[in-house]
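The values are calculated or read from the model by the stated rules, or taken from the named source; none is laboratory data. Please read all numbers here as calculations on a predicted model, not as lab measurements. Cβ placement follows ideal geometry from the backbone for every residue including glycine, while neighbour counts extend to all protein chains displayed.
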Amino acid sequence: MDGKMNSEILNIELRQGHVTLYGNTKTEEPNGHASDIGGTAHGVVELPNRITVPPSRSKIHHLPKAVWNKLRGVNLLSQQTNTLHIHAKDGVVTLSGMVKTEPQKAAARIAAESVSRIKKVINAVHVRMLPY
């Protein structure tokens, strides 16, 4: 291939000028690029592209990361982020863990709710004095 694609993930079937592309790519870019390359080959009369692009894991992991970034930016929580946990699924974020005060618990909820694409925040954080 030409350096833009990982040839190990693609299969190419060639029969009398009919080229079929199979495999998986992480994004749409290499998928389209494979069709471009195949379409320029001499003698190709048909080029069905059966390359699939699975759902992006980055989108799955993006939401908790975005919540972490918000929590880390809250001064009231600066000493508490190592005691908090985040679980996200289908736009619903569950906060758990422990903080020292009710205002810290509320700040965690408010920060999480400010992240785009969050449908609901479940605040299961417990308030308890923690040892220093």
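Tabulated data for the structure shown
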| item | result |
| --- | --- |
| All positions within the stretch 82-132 that are hydroxyl-bearing (Ser, Thr, Tyr) and buried (at least 16 other Cβ atoms within 10 Å of the Cβ) | THR83, THR94 |
| Matching residues in the stretch 77-106 - criterion: being among the small types (Gly, Ala, Ser) and modelled with pLDDT under 95 | SER78, ALA88, GLY91, SER96, GLY97 |
